[in-house]
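The values are calculated or read from the model by the stated rules, or taken from the named source; none is laboratory data. Being a predicted model, the structure only gives us computed values, none of them experimental. Every residue, glycine among them, receives a Cβ derived from its backbone with ideal geometry; neighbour counts consider all protein chains shown.
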């Protein structure tokens, strides 16, 4: 009070106004800082308790990974702690002993308590201000990678560990016959002969100056024009698609990553039904830090479902509702059609319902149609979203396609976006600078897409019949082995159920079986890497040459025999113990 | 300033002391709050990314528990966000318009933006203070693009506006003779005949199954092996370089972006001398959000400098010191050698000093040697960092190279990293998934790099003499026009001084002249886009075919004549007025 009186008694107008403003801010500021500090402490405690919880259930492989992440978090905590200390020190050194301020302090209860005593105590003693934060305040060494770099390294190893670990032991018909056969990566190797032949035609090797210079970031105009014509024709678009709405990048994952970058902010989310192609998870996280929120579908036929893993609008609604309860900011829905790994094809009506659901909730829809020409069961028909007469929300409907699956040339690294939103097309174009395809490859792609005669008369019919044959070969084998599977007519893989080989039926045991396959020199992905809800499912890529497929299936069979024998031995041992 | 003078002029002792104390605390406080805010944001991101990581591996039983915990954490985040907002609001409302404070603000760039101008902008606008925290507390209308998407779109237009605006009016010898000739993009078009011929050889068009399948993310082993051999030979490495330390991505900008991702966290910084190739700014910001902190070099020969734009360790020390004063977390130094746009070649001793400077401060060094084979003045010698017998800090020394400039095939989109740090090589490999080159292009590149006979006997000698000729043609013209320029013997451009055509000599007038060039159908980049400190400098790319170059120089000359006449007219008008 005395202090305040002093001020009021002064006649220096301007100075007084200024002084008063600063003074009146000061206690508020202090109170805020104290409350903030409390909030941060509690937040840290919460995070810590999460760590502990997790430690109980950590798998051994994840332990190191988690430790590094913990260290990164701790470094940040240390930083926050240092900053808080500095802030507090400034406030203390500046006016801590000011009697005018001290009078105000008891009301600033940092703990939110009704009583003021303790608040005043802790406010008065600087050393006790930050009891918890000080724990985090440690001197840190500077590692080679940044925290983010460490995370990226971890993500990479986690996402591609099979491939990284086994890249030195790939099967090769001549050079490494005992190498691992990959039935895990979704690739179509059935028509490499046709493709190699077509690529050797003289029209492919044209070189002109423009192809040697920096390409247009959105894709060369000649290629975008051809893509627009190609999609108009094969997607049965009601009107010619516009090359200005086409963006070409080096692969569909790059397109998906770019969409995640421009449609979401950090930490926002896309809704996606499971199981789904795991590469999308990597692509949405690496750069965009966009979360995929899962709509878990059931393998069992229950309730209103007429087939396993059936997607319904109700499930989408429920998934969105739950995500919003968790305060996740969902910005879009991701659909793969034909679906990978299930092979399902959404009917036109179903697709329309999904799109209308999205419109109701202001969601973008990204539809990955990368398998659109890989429908080998002629009794089913695929309808591209681009064939619809009218889209519920054209500006939020974005289609991805590429040649990796349908033409079996994943090595070309070509992915394209078609969107009616010029705004989105332009924003995605920004990524062309870092995701462009070489000029000569763009030229080859253009020639390829242009050659309708070859595509319609040679490539597609041959590819279709070879897919049918390979699919029949595999499914006959599975039937003989009494392994349940989804019998679908599209895509490059069969979704199989190996639950009966797991005891107990857990994701840990799924991993054990996965390792047994590898030990038997055949690689399959477990359902877990497709975010499947139930353990025991595996994805088996069948689009491979007959000889390799035959050998792979022998190894597959042997691995399951081993697994079965081990299960029986374990059962007998258990029985003997009892 | 006026505000501080007011205080000093007052005689009210106690009040003055108090006011001054509060005032002097204030800027520190504000800066702390901003840094704290950034730390909290990063912490939240870290925690969020943990969540995501876990979501992938969550077992069903743990899901509900985790959800509840997530909700609690998010509530706390919201609380912290509210508190931070209040705190910031108080600070803003209290003294936001205080000119003394504003002087400090440009250093507090919360977005990690390059350049202080924009940093100051974002610091000044309260709404932009909390870009991330805002997400946690507001429900907003939903535009098509995310905030980030809008930023990316802006960045894209800002970075490539010339090219976007003029892409429909490119010069073409047959089709568009009145189109714009590009002397702005650093491309070597002198040897496209040689290259087209070499690429047409039969060895180039080999196709095998492996090239059609997904490539190894780090680059195909055969290419990495060839790159290691190539760099060992042309960089004169004392021992064979290891293919395991090579990462191949689709372009040097992709490599630089990936390095920024793994060496820095969001908002951290690299030190870089100016002027420098502006594409690095785009590449460090698009994904990595890494700031480039400029070490401004002088065009004038002053003090201890023996040549214009001379880089010294003192300047690096000073740049780092100033950056640290502004609390920027500098993680590395970026050098381009041979330098673009200056054409300078650092001596071995200078380079060693720069590397030792970096080691003293625990900084990474990224050396872009993309012009290493484009040294056309035989009296100067380029020394690659990879030729050094011992590097001061090998694990933090990373070299970038590509074929875009030295082989004039930017259209191949090939960039490579060589680093002694296996940790960095592995982390950068994570980006291979989204930045890979098509298999057939990798094959062609391998064949090309392998053909030492052609490179040494045909390509390099011809390229060198054509560079010399083109350089001589241009510099003779410049001399005739009495335009000062840096006479260097490497690279693809000449750094010229057009200050005398600017009145007043400002960046605004530089832009006017730039537009006048465009109006005269020739495109040149002004020094501003190279972050040059002084207005009036332009970069003139000379590595173009004689006929085109001649026409371009005529247009260049005409534009300058126009400019000169206009300046004279304006002078006369001014004189008449007086």
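So in the range B:420-443, with the set limited to residues that are more than 7 Å from chain A (Cβ to nearest Cβ) and surrounded by fewer than 24 Cβ atoms within 10 Å (Cβ to Cβ), which one is nearest to residue B:252 (Cα to Cα)?
Only one residue fits best here, namely B:432.
Need a quick list: strands (runs of 3 or more DSSP E) entirely within the range B:345-450 having at least 3 residues that are over 14 Å from residue B:246 (Cα atoms).
In the range B:345-450, B:364-368 are the strands (runs of 3 or more DSSP E) which contain 3 or more residues that are over 14 Å from residue B:246 (Cα atoms).
Say we look at the range B:176-193 and pick out the residues that are more than 11 Å from chain A (Cβ to nearest Cβ) and more than 28 Å from the chain's Cα centre (by Cα); which of these is surrounded by the most Cβ atoms within 10 Å (Cβ to Cβ)?
Selected residue: B:179.
Condition (residue is without any contact (Cβ under 8 Å) to a residue 60 or more places away in the chain and within 22 Å of residue A:176 (Cα to Cα)) applied to the range A:521-537: is it met by at least one residue?
Within the range A:521-537 (the criterion being without any contact (Cβ under 8 Å) to a residue 60 or more places away in the chain and within 22 Å of residue A:176 (Cα to Cα)), the answer is no, since none of the residues qualifies.
For the range B:229-272, what are the residues that are surrounded by fewer than 23 Cβ atoms within 10 Å (Cβ to Cβ) and at positive phi?
Answer for the range B:229-272, where residues must be surrounded by fewer than 23 Cβ atoms within 10 Å (Cβ to Cβ) and at positive phi: B:236, B:267.
Is it the case, given these coordinates, that residue B:283 is under 30 Å from residue B:485 (Cα atoms) and facing chain A (nearest Cβ under 9 Å)?
yes
Take the range B:189-212 and flag every residue that is part of a loop (DSSP other than H, G, I, E, B) and modelled with pLDDT of 90 or more.
B:189, B:190, B:191, B:200, B:201
Hey, residue B:407 hits all of (1) within 14 Å of chain A (Cβ to nearest Cβ); (2) within 18 Å of residue B:312 (Cβ to Cβ); (3) buried (at least 23 other Cβ atoms within 10 Å of the Cβ) but one; which does it fall short on?
Unmet for residue B:407, out of (1) within 14 Å of chain A (Cβ to nearest Cβ); (2) within 18 Å of residue B:312 (Cβ to Cβ); (3) buried (at least 23 other Cβ atoms within 10 Å of the Cβ): (2).
Yes or no, residue by residue, for (1) closer than 30 Å to residue A:144 by Cβ; (2) in contact (Cβ under 8 Å) with a residue 60 or more places away in the chain; (3) in contact with a helix residue (DSSP H, G or I) (Cβ under 7 Å, 6 or more places away or on another chain):
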{"position": "B:436", "(1), (2), (3)": "yes, yes, no"}
{"position": "B:447", "(1), (2), (3)": "no, yes, yes"}
{"position": "B:451", "(1), (2), (3)": "no, yes, no"}
{"position": "B:466", "(1), (2), (3)": "no, yes, no"}
{"position": "B:480", "(1), (2), (3)": "no, no, no"}
{"position": "B:487", "(1), (2), (3)": "no, no, yes"}
{"position": "B:493", "(1), (2), (3)": "no, yes, no"}
{"position": "B:501", "(1), (2), (3)": "no, yes, yes"}
{"position": "B:506", "(1), (2), (3)": "no, no, no"}
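For the range B:235-246, check the following and say yes or no: at least one residue is closer than 14 Å to residue B:418 by Cα, within 12 Å of chain A (Cβ to nearest Cβ), assigned to a strand (DSSP E or B) and touching a residue at least 40 places away in the same chain (Cβ under 8 Å).
No, the conditions are met nowhere in the range B:235-246.
All but one of (1) under 21 Å from residue B:234 (Cα atoms); (2) in contact (Cβ under 8 Å) with a residue 40 or more places away in the chain hold for residue B:455, so report the exception by its number.
(2)
Sort out which residues of the range B:294-321 are without any contact (Cβ under 8 Å) to a residue 60 or more places away in the chain and in contact with a strand residue (DSSP E or B) (Cβ under 8 Å, 6 or more places away or on another chain), and write them in order of number.
Matches in the range B:294-321: B:295, B:311, B:315, B:316, B:318, B:319, B:320.
Can you name the residue in the range A:194-204 that is without any contact (Cβ under 8 Å) to a residue 12 or more places away in the chain and within 7 Å of chain B (Cβ to nearest Cβ) and, of all such residues, is surrounded by the fewest Cβ atoms within 10 Å (Cβ to Cβ)?
A:200
Could you run through the range B:210-226 and say how many residues are facing another protein chain (nearest Cβ under 9 Å) and surrounded by 17 or more Cβ atoms within 10 Å (Cβ to Cβ)?
Final tally of qualifying residues: 8.
Quick check, is residue A:495 more than 30 Å from the chain's Cα centre (by Cα) and either crowded, with 23+ Cβ neighbours inside 10 Å or within 30 Å of residue B:199 (Cβ to Cβ) (or both)?
No.
So is residue A:448 more than 10 Å from chain B (Cβ to nearest Cβ) and over 27 Å from the mean Cα position of the chain (by Cα) or not?
When the stated conditions are applied, residue A:448 passes them.
Which one of the conditions (1) within 9 Å of chain A (Cβ to nearest Cβ); (2) under 24 Å from residue B:515 (Cα atoms); (3) surrounded by fewer than 16 Cβ atoms within 10 Å (Cβ to Cβ) does residue B:156 fail to meet, given that it meets all the rest?
Here residue B:156 clears every test but (3).
Looking at (1) surrounded by fewer than 23 Cβ atoms within 10 Å (Cβ to Cβ); (2) farther than 19 Å from residue B:268 by Cβ, which is the one condition that is false for residue B:362?
In the conditions (1) surrounded by fewer than 23 Cβ atoms within 10 Å (Cβ to Cβ); (2) farther than 19 Å from residue B:268 by Cβ, residue B:362 misses (2) alone.
Going by what's in this entry, would residue A:500 be described as in a helix (DSSP H, G or I) and either buried (at least 22 other Cβ atoms within 10 Å of the Cβ) or within 30 Å of the chain's Cα centre (by Cα) (or both)?
Taking the combined requirement at face value, the residue satisfies it.
Would you tally the residues in the range A:341-377 being without any contact (Cβ under 8 Å) to a residue 24 or more places away in the chain and farther than 22 Å from residue B:145 by Cα?
Of the residues in that region, 1 qualify.
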